[in-house]
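S.K.: Pasting a structure below so you can have a look.
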Amino acid sequence: MSKENTVSVSVVDEMKQAYGDYALAVIVGRAIPDLYDGMKPVQRRILTAMKWLGLRPDARFMKSARVEGETMGKLHPQGGAYGALVNMSQWWTNNSIYVDGHGNFGSPTDGPAAARYTEARLTEYSFNVMLAAADTWETRDSYDGSFQEPIRFNAIVPNVLINGGEGIAVGMSTRIPTHNLRGVAKALRCWQQDDVRGAAKHLIPDFPTGCEVVKDENLLEYVKTGKGSIRMRAVCERSEVEYGKRAKRDAFTFTNFPLHSNTEQVGEQIKDAVGKGKITTVADVRDETDRTGIRLIVILKANVNVDQAEAELYRYTSLDTKFSASNLVIDGIRPVDLSPYEILDRWMVWRDGRLIAEFKAELTSRRERLEVIKGLIGALDQIDDIIYAIRQSKDKAMARTKIKKMGFSEVQANAILDMRLSQLTKLDATTLKAEAKELQARIKELIKLNSSESLRQEFILEQIDEVATRYGNARRSKVIDPPKEMTVQVIKQGRTNIKVAAGPKPRFVFVDEENGILTQQRKLERSSWVVPSDDKMVFVCDNGMFYKVGARHKGPLSDGPTKVLFKQKTSSLPETGLIAVYKLGEAVYANVMPWEALTKCTSRGKSYLPSGAELIHLGGTYTLKMTGRRKDKVIGINTVKARPLGGKGTKLTALELTHV
């Protein structure tokens, strides 16, 4: 190779460029749904291929393997498309189903059959709502330039909210919850009327499984920002069932499970929790799921607290779980995080632009048809001359020229020549004039719509209302208030232990330090604090050990709880709180830790000390001796200012610590 053909390239720059191109391809072309039609490329290509195959809602089913082959061969060579096709047919994943599946397409607990065994066709929703106005789609060349594939569909509804979507790209991920179709239609109308409260009410996620949604701060944060943790709970019904020979036991029937949770998974979680001693109230678990619905029966032991049993089941299984929402979508070629409000806003602007394109295409088509109709009406008055001119012509071009000389346009002349003689003689002038009148009225309406933004916006809202009425349903997920808070009671009693009451009906929790066991008693005394049931409790023992455990923990203290050794083994439990002394770098800090803060500080994983701090002491007072001082300095609760948890406290000295 000659030096003239040699190009110097930086390996680092080349790698950056190559990886950047790959990342963009994954983000835009695979994992993240489009803002405007809510589809990923593979989903869009599957529906396009099914339309090309003529798989209308009223057509015969076709083998899924044929659909997959058509998709991969013409539009999507990157890999198998059957998994995406199956996902679009599952009722427990989508609020509005795209594909009408025939055969074994799986269940919440089981996978689908192979593509050669199942069949598919389009649903009415996908055909009439997603694939409408195909002649005005934004298109581009397919991977080999053989076909034109849609960049996005002219979706009549903001589908990215209705069916949501999940995906993991390079350096980012998306998890958009599903919303109710009728609710989105109402939210869009409220948003256009500047009714934010009304829009927020209808933008609460609605999951296809029908699980309950807890109305808390995280849910409201999601509606406001598009990010938040949505708490889902299975629906529980209490009853009594026959168990044993003549005995009746209390039981729970769980239905409408949270998204991505199922009876098999929950049953295993219950058995595991029972084996570890976390759940002590369950006697038996029965999965009674059948064609009529999904049901899990949990039978309780005799003479147990039913409220406590229900709380344990929700706590230790995915009957109560969270959906971590993040509305990341593709706007053009750019990934953006949007709130539900912003999605409605941008979708409305895009839909208005697509309507203009649709109306212009229809206007052109209507005008061409009107011109043809006028030509046919005129041909009836000169039918004999037209027939004579055609018979005297050598070819079609000469006949066209003679007809044009009679006062007809090129389009009209072609329409007359394309008709059979019998059709020309039997044309009904009354019918043609009625059609012309309808066309003229529609043309005026289209011109008016194209020139008025307010009329187009009302058209969009009416169109969505019509779709919601036809294909929507009532909310599946009931919105409930947060579960009742529990009472936690801390009591000083005994020489080496602390008793703490916990549970919906408070009980004593006894810390047996010698044997390392946490037990509960029913006795209740003294004052209490209210603590959310998902918070942690803090046990402080006189032996200098500090324990963090779940609010309903029962069993060995070594199984999960974190323990911290105090400096002084005679730690007291003052009414107001404790003083924490710790070392951060070369400096020593002190901070007041109120009991209320200590009880709650670990509920969300936040540390009560700054990151990297080394705990020196936690107690009522602390004696510090510094270089150059004759007397020890006593630090107490009243001499240190309380600081936020996780932040730096009061700096005690910049000098070298010589004695503790």
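S.K.: If I compute solvent accessible area with a 1.4 Å probe over the protein chains, what percent of it on segment 303-423 is carbon and sulfur? Numbers along the way, then the final one.
M.R.: Numbers: 2890 of 6060 Å².
Of the solvent-accessible surface of segment 303-423, carbon and sulfur hold 48 percent.
S.K.: Let me ask something additional. May I have the pair-distance distribution P(r) for segment 209-337, computed from all Cα-Cα distances with 10 Å bins from 0 and rounded to whole percent?
M.R.: 12, 36, 28, 14, 7, 2, 0
S.K.: Return the Cα extents of segment 298-367 along principal axes one, two and three, sorted largest first, each rounded to a whole Å.
M.R.: 80, 30, 17
S.K.: Now for a different question. Scattering from the C-alpha atoms of segment 122-235 alone, worked out with Debye: what is log10 I(q)/I(0) at q = 0.11, 0.13, 0.16, 0.21 1/Å?
M.R.: Debye output, listed in q order: -0.50, -0.67, -0.92, -1.23.
S.K.: At 37 °C and a viscosity of 0.692 mPa s, what translational diffusion coefficient does Stokes-Einstein give for segment 357-451, taking Rh as the Kirkwood radius over Cα pairs? Give it in µm²/s as a whole number. Don't skip to the end; give the middle numbers.
M.R.: Numbers: Rh = 14.3 Å.
Stokes-Einstein gives a translational diffusion coefficient of 230 µm²/s.
S.K.: Another question, then. Whose amide H sits under 5 Å from the amide H of G165, counting only residues 5 or more places off or on another chain, with H placed in the peptide plane?
M.R.: Here I176 satisfy the definition.
S.K.: Hey, got the Cα dimensions of segment 178-285 along the principal axes, in Å, largest first?
M.R.: 64, 28, 20
S.K.: What relative contact order, as a whole-number percentage, does segment 326-405 give when Cα pairs under 8 Å and 6 or more residues apart are counted?
M.R.: Normalised by residue count, the contact order of segment 326-405 is 12 percent.
S.K.: A further question on this structure: Could you tell me what fraction of 2.2 N^0.38 Å the Cα radius of gyration of segment 280-431 comes to, as a two-decimal ratio? Before the final figure, lay out each step's value.
M.R.: Numbers: Rg = 36.2 Å, N = 152, 2.2 N^0.38 = 14.8 Å.
Taking N as the residue count of segment 280-431, the ratio is 2.44.
S.K.: Over the residues of segment 74-151, compute the C-alpha Rg and express it relative to 2.2 N^0.38 Å. Walk me through the numbers on the way to the answer.
M.R.: Details: Rg = 14.5 Å, N = 78, 2.2 N^0.38 = 11.5 Å.
My calculation over the Cα atoms of segment 74-151 gives 1.26.
S.K.: Rounded to the nearest whole Å³, what is the per residue volume of the convex hull around the Cα atoms of segment 332-371? Could the numbers behind the result be given before it?
M.R.: Details: hull volume 2.3 nm³, N = 40.
Convex hull of Cα atoms, per residue: 58 Å³.
S.K.: Right, another one. What nm value, rounded to one decimal, do you get for the distance between V349 and V12 when each label is placed 7 Å out toward the C-beta?
M.R.: Once both label points are built, they end up 3.9 nm from each other.
S.K.: Would you mind giving the average projected area, over all directions, of the Cα convex hull of segment 3-125 in nm² with one decimal?
M.R.: Values: hull surface 44.8 nm².
For segment 3-125, averaging the hull's shadow over all directions gives 11.2 nm².
S.K.: So how much slack lies between D418 and T431, counting 0.36 nm per residue of separation and subtracting their Cα-Cα distance, in nm? Spell out each step's value before the answer.
M.R.: Numbers: separation 13, 0.36 × 13 = 4.68 nm, distance 1.92 nm.
Stretched fully, the D418-T431 segment lengthens by 2.8 nm.
S.K.: Compute the Rg/Rh shape ratio of segment 138-196: radius of gyration over Kirkwood radius, all on alpha-carbon atoms. Write down the numbers at each step before the final one.
M.R.: Values: Rg = 16.2 Å, Rh = 14.3 Å.
So for segment 138-196, dividing Rg by the Kirkwood Rh gives 1.13.
S.K.: With a 1.4 Å probe and all protein chains left in place, how much accessible area per residue does segment 141-271 have, in Å²? Could you put the intermediate results ahead of the total?
M.R.: On the way: 5830 Å² over 131 residues.
Dividing the accessible area of segment 141-271 by its residue count gives 45 Å².
S.K.: Here is a follow-up. Which listed residue (G145, G106, S126) has the Cα farthest towards the positive end of the charge dipole for segment 105-160, taking +1 on Lys and Arg C-beta and -1 on Asp and Glu C-beta about the Cα centre?
M.R.: Among G145, G106, S126, the one farthest towards the positive end of the dipole of segment 105-160 is G106.
S.K.: Explain nothing, just compute: Karplus ³J(HN,Hα) = 6.51 cos²θ - 1.76 cosθ + 1.60, θ = phi - 60°, for every residue of segment 372-387 in order, whole Hz, x for Gly and Pro.
M.R.: Going residue by residue, I get 5, 4, 4, x, 5, 5, x, 5, 5, 6, 10, 4, 5, 5, 5, 5 Hz, with x marking Gly and Pro.
The values are calculated or read from the model by the stated rules, or taken from the named source; none is laboratory data. Because the structure is predicted, anything quoted here is derived from the model rather than measured. No Cβ is skipped: glycine too gets one built from the backbone with ideal geometry, and neighbour counts run over all protein chains shown. Only protein heavy atoms, including side chains, enter the accessible area calculation; ligands, DNA and RNA are left aside. Shrake-Rupley method; radii C 1.70, N 1.55, O 1.52, S 1.80 Å.
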